[in-house]
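Okay, structure first, notes after.
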Amino acid sequence: MTAFTASVCLFCGARAGHDPRLAEIARETGAMLARENWRLVYGAGDVGLMGAVAQATQAAGGQTFGVIPQHLMRREVARRDLSTLVVTETMHERKKVMFTNSDAIVVLPGGAGTLDEFFEVLTWAQIGLHRKPVFLLDVQGFWQPLLALIDHVVEQGFAEPSLRSLFTAASDIPTLAQVLRSQLATS
Ligand code: AMP
């Protein structure tokens, strides 16, 4: 296994959703991380899109760093064969360990947990707590309603227009890899 050059935190659904293409995109993202020599940092589960990402990163010989609270180990089927597995006591601790061990954050399709994780890193960036690059992988237009909501919040005067510049929406994996490469090189 070659040494990784950066760590990329993946937030994504603990379910696979209805569209089977999303699991395929999750697998392609996992393989892309390994190809680029980036370590996957994620929620350590083997379910839904997060399981798909990790299986693909591992299959492609990439490094994996999983973080899961003790109380979710059974429900999210924690993988014990990751390069590193960290078991935390709380959800907050999980997010903190994932964040501090990452150089960039990528958000794939997901549910309320994924949205919570996205908004946490976005709001931390908004108040200047970090400058790590944040990406939304907007495949199949999945995040268009979220982007519209963020625009609405800005239009209504509840956030600065600069909020939109605190993350990058990429509509496919090659674009994501290219922008990530350039941002990681300059960060
Ligand atoms: P979901 O998008 O709802 O499928 O959740 C994706 C992942 O986020 C799952 O691993 C959840 O356990 C996790 N999650 C949900 N809420 C939180 C939270 N408040 N803090 C940390 N992780 C969370």
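The values are calculated or read from the model by the stated rules, or taken from the named source; none is laboratory data. The structure presented is a predicted model; accordingly, all values stated were derived computationally and were not measured. Positions of Cβ are backbone-derived with ideal geometry, glycine not excepted, and every protein chain shown enters the neighbour counts.
Annotations
- Of all residue pairs spaced 6 or more apart or on separate chains, those with beta-carbon atoms under 7 Å, a first member in the range 115-136 that is among the charged types (D, E, K, R) and a second member that is away from the ligand (no atom under 12 Å from the Cβ) and assigned to a loop (DSSP other than H, G, I, E, B) are Lys132/Ser102; Lys132/Asp103.
- Reported count of residues in the range 94-141, each being in a strand (DSSP E or B) and either among the β-branched types (Val, Ile, Thr) or at pLDDT below 95 (or both), is 4.
- Selection count, the range 84-104, where residues are within 13 Å of the ligand (Cβ to nearest atom) and in contact (Cβ under 8 Å) with a residue 60 or more places away in the chain: 2
- Test for Gly128: is it surrounded by fewer than 18 Cβ atoms within 10 Å (Cβ to Cβ), small (Gly, Ala, Ser) and more than 13 Å from the ligand (Cβ to nearest atom): yes
- Test result for Thr88, in contact with a strand residue (DSSP E or B) (Cβ under 7 Å, 6 or more places away or on another chain), hydroxyl-bearing (Ser, Thr, Tyr), surrounded by fewer than 21 Cβ atoms within 10 Å (Cβ to Cβ) and farther than 25 Å from Ser187 by Cβ: yes
- Residue, nearest to Ser102 (Cα to Cα), within the range 9-56, restricted to residues that are away from the ligand (no atom under 16 Å from the Cβ) and of a type outside the set (D, E, K, R): Trp38
- Summed over the range 56-77, residues that are among the aliphatic types (A, V, I, L, M), closer than 13 Å to Gly45 by Cβ and over 17 Å from the mean Cα position of the chain (by Cα) total 3.
- Within the range 1-20, the set of residues being over 15 Å from Val53 (Cβ atoms), of a type in the set (A, V, I, L, M) and at pLDDT 95 or above comprises Ala6 only.
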